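Take a look at the structure set out below.
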Amino acid sequence: MDFRYLAKPYVNVPLTRQVMLNLLQDYKRPNDKISELVKSGELISLKKGLYVPGPKIDLAGPEPFLIANHLWGPSYISFESAMSYWGLIPERVYEIQSATMKLSRKFNTPKGRFSYRYLPSPYYSFGINSVELSPGQVALVATPEKALCDKIVTTSGLTLRSTVQTRNFLLDNLRLDPQWLKKLDCRVMRSWIVDAPKKESLKMLIKTLTDL
């Protein structure tokens, strides 16, 4: 049977090995068929046991942010990737960056580069939105506030000690849009501090934002 026909109902999420085995249950050796589909370009292997439709079958497949959520989880889009998505920074980000409660990882795949940085619980669970990227495709993405806080708490060697230093970091290092900074919700950011890493740096961030 035509694999395109079999895969079409599942194109909004990456295909797990179990889904693939169910799709190919009429084959005596489904694992060999999976290898054949990868070689022919009908299927792309992201990592062992996770696939998306290949270019040969002309199906759009899942969005990169949704792939990131499935590639290593639990996770959500954050850092520069989320800040770029929300319009806080002008640059397009070519590596999809996520936060995770698992070990930090990096993946180079045919669908792009994906990186994951560890954040502890319960801080990890704050400030996550379900965002509809396209019809039927919903991904977990940090709010603008959480993406900025995540960037600060995971930047090695960074300790924010003054409002001048913090402004320089926000405007010169990260190149954040000053108008966007004035819109950030300091109240919700303040509610995260008790469970957050780098508490003093986040307090200085909030003080700086309040003074803008």
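Throughout, read-outs are computed from the coordinates displayed, never taken from laboratory work. Fair warning: this is a prediction, and the values are worked out from it, not measured in the lab. When we count neighbours, we look across all protein chains shown, and the Cβ atoms used for this are built from the backbone with ideal geometry, even at glycine.
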Within-14-Å neighbourhood charge of residue 161 [Cβ basis; K, R +1; D, E -1]: +4
Calculated FRET value between residue 200 and residue 92, using beta carbons and R₀ = 45 Å, to 0.05: 0.90
Among 48, 183, 39: highest mean-square fluctuation, GNM of the chain, C-alpha pairs under 10 Å: 48
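Can you list the GluC sites (Glu not before Pro) in the stretch 28-120 that are in a DSSP coil and have 13 or fewer other beta carbons within 10 angstrom?
91
On a full-extension model of 0.36 nm per residue, what is the gain between residue 105 and residue 191, subtracting their alpha-carbon distance, rounded to one decimal in nm?
Result: 28.1 nm gained on full extension.
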Positive dipole terminus of the chain, leading residue within 181, 103, 208 (C-beta point charges): 103
Of 174, 140, 148, the one that fluctuates the most in a GNM where the chain has Cα springs shorter than 10 Å: 174
Rounded tilt (10° steps) of 199-211 against the dominant C-alpha axis of the chain: 70 degrees
Packing-based order for 158-171, 193-206, using average beta carbon neighbours within 10 Å, highest first: 193-206, 158-171
Anisotropy class of the stretch 3-57 from Cα gyration tensor, a/c 1.5 cut: rounded
Beta bridges per DSSP with both ends in the chain, % antiparallel, nearest 5: 75 percent
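Suppose every K and R has +1 on its Cβ and every D and E has -1 on its Cβ; what is the size of the dipole of the stretch 3-57 about the Cα centre, in Debye to the nearest 20?
100 debye
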Check: the chain dipole with +1 on Lys, Arg Cβ and -1 on Asp, Glu Cβ, in debye: 520 debye
Calculated FRET efficiency for the pair residue 134/residue 26, C-beta based, R₀ 41 Å, to 0.05: 0.85
Candidates 17, 29, 105: whichever shows maximal mean-square fluctuation once the chain is modelled as a Gaussian network with Cα springs under 10 Å: 29
Residue among 134, 124, 60 farthest towards the positive dipole end of the chain, charges placed on Cβ: 124
